[in-house]
Amino acid sequence: MFKARGWIALVLLSALALPAFGQSFRVQCPGSTITHPVAAANNSEPTYTGPTVQALGPSGYLIPTLNRNGTAVNVNGAIKCQQISGGDGYASMGDGTQTYMFSFGPLSGLADIAAGLPGTEPPSTFNAFYTGAQLQPGEPATTDGSPYVAPFTPTFTFNGAIGPVGDQNVSSPTPGGVTARATAVVAGGIIDDVTITNPGSGYYGPVTVTFGPPAGAGGQTALGDAVVTNGRVTAVEITFAGEGYTNTPSVTISAPVTDCAIASAPGTTCNTGHVDPRQIMDVGVMNGNIPAPLMAIDEDDEFFLTLTNVGMIMRPDLFEQHTVHFHGYPNASAFFDGVPDASVAINIAASFTYYYLAPDAGTYFWHCHITPPEHLQMGMVGQIYVRPRQNRVAVGGSLYNALVAQQGDLRTACNSAADILCSNPLPAGGSASNTATRASGAGKYAYNDGDGSTYYDVEYPLQIHGFDPNFHVVGMTFNPEGFSDMKDKYFLLNGRSYPDTVTPGPLETQSSDQVQHFSQPLSAIINIPAGKRALLRISDLDVTEFQTLASLGIPMKVIGYNAKLLRDQAGNNMYYSTNSITLGGGESLDVILDTCVTRSNPADPSSTCTAPMPSGTYYLYTPNLDHLSNDAENFGGLMTEVHVM
Ligand SMILES: [Cu+2]
């Protein structure tokens, strides 16, 4: 009997101890990585001239090759970061109903998200400290004036992460400090080890380690990073061991500095990812968006996405975890897949940074993978797209040759004779019949086509979704109705049903905290200058219905399906023109709306339009007529306008 009691006590103690388990709100956005080693080059996309030049590094992994002066020979892509909250919030439906959601909201890129843009930022923007006034619940809706009045002129312009405050443990660094010293140990022509002879003091900012040059012929100078603990250099990590060291080179550690190169708030030092939870909670709670924050990255990027679970304040009885699942996306590791029974899930009061490579261009989407029918229906669905390398070819450069150059990259090599899963073959006809060059101006390409056929002037992500209002009402109060009873009655494009779809700028909703929040930042209006081409990145995350979208007057040219270029293995484009597309939940399509009847060069979609379509208002709408409704209203639903201007 006594023994059994002991067991019960132990079990109870364990259960009570679990919620305190190693949780924090820290954020990660490194300025440089092994794959992108030069911090100064990681805030913008370099021109694409060919595959990244790599060599076996000291640990046996391929790493980018560096020049003697430590700059990368040829590295593609950059680093991007974003932070989102997982929690709850409200949205406005087309009939004026305020609908409760489980939802994601922005914790970085707030100004860009409110302006309908992706909230994905380079480290230089993401890591800047917020130094404005104390953020208020509902920022930026509360400072940009409500109700929203067109044209949207944002006064809130900060796009970094809102939480970081620097490492408060080192808020009073010793001024001055002592420069650290070290000696190199050479073996077999490379730097084998580094011995610290004096750890110095006062290192609370960036530290650089520089090795002297090798004396031997054909030598390459080694590279290293300082390991700093409590303001002292405790070790040097060799990131490149060099070549041709017949001498013992000098090791120079930079003098201590007490500030970061990036902007710092008074009284703090470096942005180490420590956050003030106050900002996270003030902005993150009740901050739900539909669609969830938009993300956009470029092929070859590394993407650090931090999900911060702020809890669902309307459902304090729920302990819901959330995750991010990039549907159909080739992951860097299964660990970041977001399927909770096969990877990690994020508890309330915790942050987790997902890590992604940006492997294949295309239109993807993402969602929470906790009880998917419930969390998707409740609003945890968002859009992500990957822009192709072809955008970064120098203006006037051959697109065909650039795609040939990509065959030198092991990841994108596509020999369709040997690989039936080859996803992006060279266009048929070779270089003789594919003479398109990178167009000048702001136009881009949807895929690495090699023939310029996916060229577009403007792009619009368009997410199809649906809400069952009954499910949302019971979701606010107790455990939801059975999933099989789910029946959508609001049909949404970018989280809005008609007529909200044609309201320009963000929509805001007063939530149960009596504060305005940006609930639906992304308008669904398609604006196309007459004679230009628009890329519609259409994804469907509807839980209960198939959805059809039809275009009146402007043919839809389907160029990609489920984030793959429509091209056969022999290189023939399988694009087709149609007046409607139909998608089930979990599918995506790329559609071009071309408002030009005749071009100066019919083979080049970027050439001048000599006969544009008439200006005016065209429609995108669903021919499933029962979806042209807002719950009990017999109008509204899945419809928006295309403005040819
Ligand atoms: Cu969730």
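Quick notes on this one:
- Around Gly531: net Lys/Arg minus Asp/Glu count, Cβ-Cβ under 11 Å: +1
- For the chain, the per residue solvent-accessible surface stands at 41 Å², with DNA, RNA and ligands left out and a 1.4 Å probe.
- Surface composition of the chain: carbon and sulfur make up 57 percent of the accessible area, probe 1.4 Å.
- Charging the Cβ of each Asp and Glu at -1 and of each Lys and Arg at +1, and nothing else, the dipole of the chain about its Cα centre rounds to 1240 debye.
- The solvent-accessible area of Asp298, taken with every protein chain present and a 1.4 Å probe, is close to 10 Å².
- The chain, helix-only ellipticity at 222 nm - DSSP H runs n ≥ 4, -39,500 (n - 2.57), divided by all residues, nearest 500: -2500 deg cm²/dmol
- Inverse mean reciprocal Cα-Cα distance (Kirkwood Rh) of segment 564-611, Å: 13.3
- Stokes-Einstein D in µm²/s, Kirkwood radius over Cα pairs - segment 464-574 at 37 °C with 0.692 mPa s viscosity: 191
- Stokes-Einstein diffusion of the chain at 10 °C, 1.306 mPa s viscosity, Kirkwood radius from Cα pairs, rounded to a whole number: 59 µm²/s.
- As a ratio to 2.2 N^0.38 Å, the alpha-carbon radius of gyration for segment 181-253 is 1.09.
- Positive-pole candidate from Leu107, Tyr355, Gly86, dipole of the chain, charges at beta carbon: Tyr355
- The calculated pair-distance distribution of segment 305-433 uses every alpha carbon pair, bins of 5 angstrom beginning at 0, and gives 2, 9, 15, 17, 14, 11, 9, 8, 7, 5, 3, 1, 0, 0 percent.
- Per residue convex hull volume, Cα atoms of segment 460-529, in Å³: 100
- Along segment 592-601 the Karplus relation, 6.51 cos²θ - 1.76 cosθ + 1.60 evaluated at θ = phi - 60°, assigns HN-Hα couplings of 9, 9, 9, 9, 10, 8, 9, 10, 4, 10 Hz to successive residues, with x for each Gly and Pro.
The values are calculated or read from the model by the stated rules, or taken from the named source; none is laboratory data. All figures in this text were calculated on a predicted structure; none of them were measured in a lab. Ideal geometry is used to build each Cβ from the backbone, glycine not excepted, and the neighbour counts take in all protein chains shown. All accessible areas refer to the heavy atoms of the entire protein, side chains included, with ligands and DNA or RNA removed. Shrake-Rupley method; radii C 1.70, N 1.55, O 1.52, S 1.80 Å.
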